[in-house]
Amino acid sequence: MQIPSLAEIKRELSYLNEKELRDYLIDLSKFSRENKAYLYFKLYGRDQPYLYVQLVQEDLEVEFQNARGNHSYYAKKSAQKIRRKMNKLLKLSKDKTDQIEVLLFFCEKMKEYGFLKHGNQVIENLYKSQIAKIQKLISGLHEDLQFDYEGRVEELE
């Protein structure tokens with residue numbers, strides 16, 4: 001089965017009325033939790049711009065609380081699991097400042113919950129790669145915002 005291009009889908013969607021579009025969106029949101037989350041953040045994000053960051057931080061906080069960080073092996077597996085979840089959630093926002101906030105939160109919690117004390121190379125590389133992502137995102141921001149975030153990144157390094 002050949003899937004049509006995005007341009008063809010856009011063209012076909014332009015022919016539909018409002019009720020049909022709404023029905024398609026509802027059907028699409030039923031297919032996966034990620035589609036539903038994306039739709040939720042798009043609908044409610046206009047009124048509450050920090051809703052996305054708050055909800056993602058709450059979700060990650062629960063994951064960190066449930067993580068087993070007492071042994072190097074379990075700490076590594078837990079950190080990888082939390083990172084996978086965070087990466088899925090990062091796809092829902094295209095705003096760089098939101099992504100930076102979530103990544104900073106992740107790194108701060110890694111330090112707070114003692115994941116870095118094990119000296120595990122995988123955990124350290126994971127942490128360093130997240131710091132590198134933050135720095136890359138910061139480089140694309142306005143100078144004033146860069147200055148604000150660089151101070152927080154220096155504390156993490």
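Every number in this text was worked out from the coordinates using simple rules, so none of it is lab data. Worth saying up front: this structure is predicted, and the values here are computed from it rather than measured. Virtual Cβ from ideal backbone geometry, glycine too; neighbours counted across all protein chains shown.
Remarks
- Taken as entire DSSP H runs, the helices of the chain that both span 15 Å or more between Cα atoms along their own long axis and average -0.5 or more on the Kyte-Doolittle scale are 51-66, 96-112, 121-139.
- Under 15 Å from the Cα of residue 96 - aspartates and glutamates, other chains or at least 8 residues apart: 143, 144, 148, 150
- Placing unit charges on the Cβ atoms of the charged side chains and taking the dipole of the chain about its Cα centre, the candidate lying farthest along the positive direction among 131, 65, 32 is 32.
- Between residue 88 and residue 128, the FRET efficiency estimated from the beta carbon spacing at R0 = 35 angstrom works out to 0.95.
- GNM top mover of 19, 128, 111 - the chain, alpha-carbon springs below 10 Å: 19
- With R₀ set to 25 Å, the beta-carbon distance separating residue 47 from residue 108 gives a calculated FRET efficiency near 0.35.
- Sorting 44, 38 by the number of Cβ atoms found within 10 Å of their own Cβ, with the fewest placed first, yields 44, 38.
- The computed P(r) over Cα pairs in 5 Å bins from 0, in percent for the structure shown corresponds, within (i) 1, 8, 15, 16, 16, 13, 10, 8, 6, 4, 1, 0; (ii) 2, 8, 11, 14, 14, 12, 10, 9, 7, 6, 4, 2, 1, 0; (iii) 2, 9, 17, 20, 20, 17, 11, 5, 1, to (i).
- Computed helical MRE - 222 nm, the chain, DSSP H runs ≥ 4 contributing -39500 (n - 2.57), nearest 500: -25000 deg cm²/dmol
- Computed extension gain for residue 156 through residue 38, at 0.36 nm per residue and net of the alpha carbon distance, reaches 39.5 nm.
- Summary value for the stretch 48-157: 27 percent relative contact order, contacts being C-alpha pairs under 8 angstrom separated by 6+ residues.
- Here the gap between residue 6 and residue 66, fully extended at 0.36 nm per residue and compared with their Cα-Cα distance, gives a gain of 17.6 nm.
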